[in-house]
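Notes follow the structure.
Taken together, the values in this text are just the output of simple stated rules run on the coordinates, not laboratory data. Bear in mind that the values here come from a model prediction, so they are computed numbers and not experimental data. Cβ coordinates were reconstructed from backbone atoms using ideal geometry, including for glycine residues, and neighbour counts include every protein chain displayed.
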Amino acid sequence: MMPISVQSVLGLVMKRQPELGREVDIPTTPRTEVYSQNCIGYSQARIPMTNPGAVTVILGSMYSGKSTALLYHLKRAMIAKKEVVLFKPRIDDRYSKDEVVSHDGESLPAILLDSHKDILGQIGTAEVIGLDEVQFLDVEVWRVVDILSLLGKTVFIAGLSTDFMGQPFETSARVAMISDKIEKLTAVCVKCGEDAVWTQMVSDGVEVTDGDRVQVGGLELYEPRCRRCFVK
Ligand SMILES: [Zn+2]
């Protein structure tokens, strides 16, 4: 089968997600020429797929093992000789600038994203695509995920479920709603040992209940808390 051209991918975006198509910039470098052999582009009335992709979204509080689970799935794909690419928002630089590093020390190199619009132009020929800390991206990233699935990609996404004020992250929620599978993880409450679904912000041991929603930090700033121990 003929390789799918950049124009075909752009055509698919325009047909399926025109809101995204008005903004997205897909570079026409040779690396992006081949996307998938399972997708037919814009001129087709329907989008025939012999091998559609699948989307798994991993959600949870901080310290619930989201990045560990994400890396587990990607490393399994690599063992299976699949081509893998991993993205993360540039804002998240706690452990490493160009890697995803889990709390238990596992890591993989990652491409830094300034915007969800930069994903389609950088997937190359990858079959499996990872995206960490999705809550830091724009809510519109679900449109890109939709296109990736139509291109036959296997997508694994990890995201924080709520902020420290207990408000759900809209970006995480939207990608979860269009996924095939949701893995919901809990951490261990630092106060009582119960399952922790919330992320508590603390400052010198005192709970913080309002402020800027996005503040990158570790255990000195955030603690996993159960439903009883979470202070809102
Ligand atoms: Zn507790």
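Considering only DSSP beta bridges where both residues belong to region 110-229, give the percentage that are antiparallel (nearest 5). Can you show the working numbers first?
Working: 10 of 14 bridges.
About 70 percent, rounded to the nearest 5.
For a footprinting-style exposure proxy, rank Asp195, Asp212 by other Cβ within 10 Å, fewest first.
Working: Asp195 14, Asp212 7.
With the sparsest Cβ surroundings first, the list reads Asp212, Asp195.
Once you place label points 7 Å from the Cα toward the Cβ at Val206 and Arg227, how far apart are they in nm?
The answer from the label model is 3.0 nm.
Taking amide H positions as placed 1.01 Å from N in the peptide plane, with prolines and chain starts having none, which residues 5 or more places from Glu99, or on another chain, fall under 5 Å of its amide H?
Correct list: Ala110.
Between Lys75 and Lys97, what FRET efficiency follows from the Cβ-Cβ distance if R0 is 22 Å, with the result rounded to 0.05? Could you put the intermediate results ahead of the total?
Working: r = 21 Å, r/R0 = 0.94.
Once the sixth-power term is evaluated, E becomes 0.60.
Take Ser203, Ser115, Ser61, Ser149 and order them by how many other Cβ atoms sit within 10 Å, fewest up front. Could you put the intermediate results ahead of the total?
Details: Ser203 10, Ser115 16, Ser61 28, Ser149 20.
The order, fewest Cβ neighbours first, is Ser203, Ser115, Ser149, Ser61.
Which entries of Lys81/Lys153; Lys82/Lys153; Lys81/Lys181; Lys88/Lys181 have Cα-Cα distances beyond 18 Å here? Each step should come with its number before you reach the end.
Details: Lys81/Lys153 15 Å; Lys82/Lys153 11 Å; Lys81/Lys181 23 Å; Lys88/Lys181 20 Å.
Going by Cα-Cα distance, Lys81/Lys181; Lys88/Lys181 fall outside the 18 Å limit.
Assuming a ≥ b ≥ c are the square roots of the Cα gyration tensor eigenvalues, decide whether region 72-128 counts as rounded (a/c under 1.5), prolate (otherwise, with a/b larger than b/c) or oblate.
oblate
Would you mind computing, in nm to one decimal, how far apart the modelled labels at Arg16 and Glu83 are, each placed 7 Å from Cα along Cα→Cβ?
It is 1.8 nm.
Figure the gain on full extension for Ile182 and Arg213 (residue separation times 0.36 nm, minus the Cα-Cα span) and round it to one decimal in nm.
Details: separation 31, 0.36 × 31 = 11.16 nm, distance 2.38 nm.
Extending this stretch completely gives an extra 8.8 nm.
Rounded to the nearest 20 debye, what is the charge dipole size of region 125-191 about its Cα centre when +1 sits on each Lys and Arg Cβ and -1 on each Asp and Glu Cβ? Before the final figure, lay out each step's value.
Values: 6 positive and 10 negative charges, 45 e Å.
The calculated dipole for region 125-191 is roughly 220 debye.
Ranking Phe156, Phe169 by Cβ neighbours within 10 Å, fewest first, what do you get?
Details: Phe156 27, Phe169 21.
Exposure proxy ranking, most exposed first: Phe169, Phe156.
Report the relative contact order of region 128-232, percent, no decimals, based on alpha-carbon pairs under 8 angstrom and at least 6 residues apart. Kindly include the intermediate steps, with their values, before the conclusion.
On the way: 159 pairs, mean separation 26.6, N = 105.
Result for region 128-232 is 25 percent.
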